1. Given contacts defined as C-alpha pairs under 8 Å and at least six residues apart, what's the relative contact order of the range 320-443, whole-number percent?
2. Quantify, in whole percent, the carbon and sulfur part of the accessible surface of the range 1-117 (1.4 Å probe; protein heavy atoms only).
3. Given a cut-off of under 8 Å on Cα pairs at least six residues apart, what relative contact order in percent is computed for the range 278-348?
4. Given Cα pairs under 8 Å that are at least 6 residues apart, what percent is the relative contact order of the chain?
5. Could you tell me which residue out of 222, 296, 355 lies farthest along the dipole of the chain toward its positive end? Charges go on the beta carbon: Lys and Arg +1, Asp and Glu -1, centred on the Cα centre.
6. Amide H of residue 158 versus every other amide H placed in the peptide plane: which residues, excluding those fewer than 5 positions away on the same chain, fall under 5 Å?
7. Suppose the chain between residue 127 and residue 322 were pulled fully straight at 0.36 nm per residue; how much longer would it get relative to their current alpha carbon spacing?
8. Which FRET efficiency, nearest 0.05, do residue 374 and residue 81 yield, Cβ-Cβ r, R0 41 Å?
Amino acid sequence: MASNVLDSVLFRDTFGTPAMRAVFDDHELIRKYVIVEIALAKAQARCSVIPEAAAQEIAQRCNADTLDFDLLRHETEIVGYPILPLVHQISKQAGESGGFVHWGATTQDIMDTAVVLQIRDAFELIEKEIKTLRGTLAGLAHRYRTTPMAGRTHLQQALPVTFGYKAAIWLDMFDRHQERLDQARPRILVGEFAGAAGTLASLGDKGLDVQKALMEELGLGVPVSTWHVARDGFAEAVNLLALMTGSLGKIAYDVMLMAYNEFGELYEPFVKGRCASSTMPQKRNPISSERMLACAKGVRQQAGLMLDAMVQDLERATGPWHAEWIAIPESFILSAGALHQANFMLSGLIVDEQAMARNLDMTKGLIVAEAVMMGLAPYIGRQDAHDIVYDACRIVNEKGGRLADMLNAMPNVADRLARELIERLTDPTNYLGMAPEMVDQVLKISASRS
């Protein structure tokens, strides 16, 4: 039985996805180690460091699927790292060429480069989810471009916005995340091959040639310098995930708030039995949003761990490196889980336009007091207009009624603004500002980045 939610039969698909777990499971990691070792042999043969026949035999006979995993686990516990036990086994697999396996490499070279290969695969899954999410958000922004609703600041009604405007803000965040991912790939997808202390001394004058050939074999960037203890690349990867899931957390928070019974403006997709309470059959809990928020919090913690792990000693770390083994897989799995939940929830999001209109009208015009103030200001000055409208709003708050009626009853307002103008100024749907145009702007930019 699993002892954590990422591998739990009950919870693993709540906090992750099968595809992302497959990228980071033990068998795939070991397969990546073997891929790197084979690529190293091929690169060294290209550079005349080892015989071509040896490289061919290593490539043909070394196979992660036929390893003794129990022995590998046992020896890893003794050694502290999996590479030496792995080299023992694949050297035997390679037969007479086994002596050329792992030539001139150090454990961290193989492990770091394998993790880069995992991250490359993981980024592809993340990008696929982001592309789907951006398409969904673009659809929401377009469909609800002019759907008016109450904009809220400090949890209070502030000014009218549109739901399309809100969705466009969400979309714009993920357009930027896509851009960040594109920009980060060349910095992060760089392999590691530098030898014991990072100088490639064991390969003489062939070291840099082998390094370049290895990265060509693997399709990775060539490092400018050794990064055994320069961990900004991996830290950037996890902190990029923290940014993405932070944005997902914001979306989740918005949806949860707007799903309050008192708001009733949004609902997660209905699936029979989903979101139900064990004791309260009337409830419709925002399950996907809750999962997104939990995943975001988990990734944020791992991002902090990665920043801490950057503080490494001298030419090889004595412990911070190991913290990455925890943070990187968990961050990617949680991020994939959050994105999957977001795509499910937003693709079937139920938008109650009538509830939005009802909530927008609940203050009887108070939400657009600013519009009245700005309409009156040219006649009496902004500050005096503010004070008059403030008094009118206070009376409406205390005694009820419509703001328009209160303003029409005030001579210093009615003498300057016609009744029809006051009615128009106190209609929230007439005070959307440039929200629809901002939606158009975001959609145009987003389409250009697709």
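The values are calculated or read from the model by the stated rules, or taken from the named source; none is laboratory data. Quick caveat, the model's predicted, so the values are computed rather than measured. Here the Cβ positions follow ideal geometry from the backbone for every residue, glycine too, while neighbour counts run over all protein chains shown. Surface accessibility is based on the protein's heavy atoms, side chains included, excluding ligands, DNA and RNA. Shrake-Rupley method; radii C 1.70, N 1.55, O 1.52, S 1.80 Å.
1. Values: 68 pairs, mean separation 30.1, N = 124.
RCO, the range 320-443: 24 percent.
2. Values: 3090 of 5650 Å².
Carbon with sulfur: 55 percent of the solvent-accessible area.
3. Details: 50 pairs, mean separation 32.5, N = 71.
Averaging sequence separation for qualifying contacts and normalising by length gives 46 percent for the range 278-348.
4. Working: 642 pairs, mean separation 83.6, N = 450.
That works out to 19 percent.
5. Most positive-ward Cα: 355.
6. Long-range HN contacts for residue 158: 151, 152, 153.
7. Numbers: separation 195, 0.36 × 195 = 70.20 nm, distance 2.70 nm.
Contour length minus the Cα-Cα distance gives 67.5 nm.
8. Numbers: r = 68 Å, r/R0 = 1.66.
With a Förster radius of 41 Å, E is 0.05.
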